[in-house]
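First comes the structure, then the notes that go with it.
The values are calculated or read from the model by the stated rules, or taken from the named source; none is laboratory data. Predicted, not measured: the structure shown is a model, and the values here were computed from it. Ideal geometry is used to build each Cβ from the backbone, glycine not excepted, and the neighbour counts take in all protein chains shown. We work out accessible area using only protein heavy atoms, side chains counted, and drop any ligands, DNA or RNA first. Shrake-Rupley method; radii C 1.70, N 1.55, O 1.52, S 1.80 Å.
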Amino acid sequence: RTLNEHITGVKGFFHDYYPVKRLPRMCGASSGTWQQPRVLALDVECVCVEGNPRYPARVSLVCAAEGVLCDDFVRPLQPVLSLGVLSGITAEQLAGATLTVDEVRERVQGLVGPDDWLVGHALNKDLEYLQLSHKASRIIDTSYLFRL
């Protein structure tokens, strides 16, 4: 069995988890030409800001072959109420952030090709925070594969 057959064989995987929602932006839709699919890891760390308890504050995208493609801190548009205990983000890091969430979203959208494999933990949430979608058949979500 191929990796794709193994993953898609999990009952309910696509129906229950992907695509997250019909969001307006699709990964890989804005630019880029890829010779072959890559394996990319995505992680979004959030903080609590006024009016939004899960505001993207750091977005990291790493390619297995190319290394770090993006590791950006996001400038909050609202006052930060809590950095959270698990994010590892400091007030100093956010103070130095210059990119908006829209700019980081566009960057990720341009870096992820439509046939790239996207790997991460609870990717449905990370994609939702960025208001992005990706092909369900090209997602490996460790939160679903390795439930504790």
- Restricting the range 68-148 to trypsin sites (Lys or Arg not before Pro) in coil, as DSSP defines it, with at most 14 other Cβ within 10 Å: 147
- In the range 54-148, the chymotrypsin sites (Phe, Trp or Tyr not before Pro) that sit in a DSSP loop and have at most 15 other Cβ atoms within 10 Å of their own Cβ are 146
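Report, as a whole number in µm² per second, the diffusion coefficient that Stokes-Einstein gives for the range 39-145 at 4 °C and 1.567 mPa s using the Kirkwood radius over alpha carbon pairs. Each step should come with its number before you reach the end.
Values: Rh = 14.1 Å.
Here the translational diffusion coefficient equals 92 µm²/s.
Per residue, how much accessible surface does the range 39-145 expose to a 1.4 Å probe? Answer in Å², no decimals. Kindly include the intermediate steps, with their values, before the conclusion.
Numbers: 4900 Å² over 107 residues.
Value returned for the range 39-145: 46 Å² of accessible area per residue.
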- Query: Using a 1.4 Å probe on the protein chains only, how many percent of the accessible area of the range 39-145 belongs to carbon and sulfur?
  - Reply: 54
